[in-house]
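Novice: Here it is, the structure, as structure tokens.
The values are calculated or read from the model by the stated rules, or taken from the named source; none is laboratory data. Given the structure is predicted, the values throughout are model-derived calculations rather than measurements. Here Cβ is always computed from backbone atoms with ideal geometry, including for glycine, and neighbour counts include all displayed protein chains. Heads up: the accessible areas ignore ligands, DNA and RNA and are worked out on the full protein's heavy atoms, side chains in. Shrake-Rupley method; radii C 1.70, N 1.55, O 1.52, S 1.80 Å.
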Amino acid sequence: MDWNKILQVKNVTKNYGKGESRTAALRGISFDVLEGEFLGIMGDSGSGKTTLLNCIATMTRPTSGEILLNGEDISAFKGARLAKYRGGKIGYLYQEFELLDNLTARENIVLPLALHGITQKQAQGSLMELAGRLDIVPVLDRFPSQMSGGQKQRVAIARACMLQPSVLCFDEPTSALDVESIASVTSIIKDLSKEMAILIITHDEGFAKQVGTRVVRITDINQ
């Protein structure tokens, strides 16, 4: 393995349906993400961007191909081994934040910990350090309905980072934000890229080029 390549996507195909109704969302996708790299993948709606991210984040299994994280084919993982990586080694931020409305920001952030055998008490120091860094300490005890779009996005980022992932994936991170919030979140993402590899899918070429160390179009890697 080339140890500079933290993530390797090799000839990944994803089909939906069977027989004549089968649709190929991804066709032989291949690319690498280096340690500390900030890769932006651009594409229009329906081009397969979210499907690709779901495969990388182990939310769905590719029909064929390999997805290697630190040399391990995570696309073949099942059960407890899969759970270790989902939300752990790979962090995933959904386009619409996906915060639970009946939980406070604090409760949303620590939610993944229990799935990985970590208590809130054990993670208290990490929680407060991360909350301070993301400027969300004042909203930790608020519910999502009491927060702005930018605050909800930063809470979602904190949740994704609590388990210190090797790769952090973003699905259209600016689509639900106003201009001021976009600037704030862009700064945060750039700061996080100093510590982990980041993969962002977006249709916004200006944003992709502003934040990414490398930008590719999904049409160029989707054969």
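Novice: How many percent of the alpha carbon pairs in the stretch 34-124 exceed a separation of 20 Å? Display every interim value, and only then the final one.
Specialist: On the way: 1964 of 4095 pairs.
Considering the stretch 34-124, 48 percent of its Cα-Cα pairs are separated by more than 20 Å.
Novice: Using only the heavy atoms of the protein chains and a 1.4 Å probe, how would T50, T202 rank by accessible area, largest first?
Specialist: Values: T50 60, T202 0 Å².
Largest accessible area first, the list is T50, T202.
Novice: In addition: Which of the listed residues, S193, G150, H116, is farthest toward the dipole's positive end in the chain, when Lys, Arg count +1 and Asp, Glu count -1 at the beta-carbon?
Specialist: Value: H116.
Novice: Identify the residues of the stretch 82-100 with backbone N under 16 Å of a label point that sits 7 angstrom from the Cα of F143 along the Cα-to-Cβ direction, or state none.
Specialist: Counting backbone N atoms under 16 Å from the label point, the list is 99-100.
Novice: Just need the relative contact order of the chain here, percent rounded to a whole number, with Cα pairs under 8 Å and 6+ apart. Could the numbers behind the result be given before it?
Specialist: Details: 405 pairs, mean separation 69.1, N = 223.
The value is 31 percent.
Novice: Can I ask one more? Excluding ligands and nucleic acids, what accessible area in Å² is computed for I118 using a 1.4 Å probe, to the nearest 10?
Specialist: Accessible area, nearest 10 Å²: 60 Å².
Novice: I would also like to ask the following. Work the Kirkwood hydrodynamic radius out for the chain: mean of 1/r over every pair of different alpha-carbon atoms, inverted, in Å. Before the final figure, lay out each step's value.
Specialist: On the way: mean 1/r = 0.0557 Å⁻¹.
Evaluated over the chain, this radius sits at 17.9 Å.
Novice: Using every Cα-Cα pair within the stretch 180-223, state what percent have a distance larger than 13 Å. Could you put the intermediate results ahead of the total?
Specialist: Working: 560 of 946 pairs.
Counting every Cα pair in the stretch 180-223, those more than 13 Å apart make up 59 percent.
Novice: If I compute solvent accessible area with a 1.4 Å probe over the protein chains, what percent of it on the chain is carbon and sulfur? Mind dumping the intermediate values first?
Specialist: Values: 5080 of 10820 Å².
Accessible surface attributable to carbon and sulfur in the chain totals 47 percent.
Novice: What number comes out for accessible area per residue over the stretch 24-140 if the probe is 1.4 Å? Units Å², please.
Specialist: 47
Novice: Now for a different question. Keeping all protein chains in place and using 1.4 angstrom, which order do K190, K152, K209, K18 fall into by accessible surface area, from largest down? The partial results should precede the final answer.
Specialist: Details: K190 85, K152 55, K209 130, K18 170 Å².
Order by accessible area, largest first: K18, K209, K190, K152.
Novice: Let me check something: with ligands and nucleic acids excluded, how do Y92, Y16 order by accessible area (1.4 Å probe), largest to smallest? Write down the numbers at each step before the final one.
Specialist: On the way: Y92 25, Y16 105 Å².
So the residues, ranked largest to smallest area, are Y16, Y92.
Novice: At a temperature of 25 °C and a viscosity of 0.890 mPa s, determine how fast the stretch 66-118 diffuses translationally according to Stokes-Einstein, using the Kirkwood radius over alpha-carbon pairs as Rh; express D in µm²/s, rounded to the nearest whole number.
Specialist: Working: Rh = 12.7 Å.
After rounding, the answer is 193 µm²/s.
Novice: Hey, another quick one. Could you please state, rounded to a whole Å, how far the C-alpha centre of the stretch 26-75 is from the C-alpha centre of the stretch 76-152?
Specialist: That distance is 23 Å.
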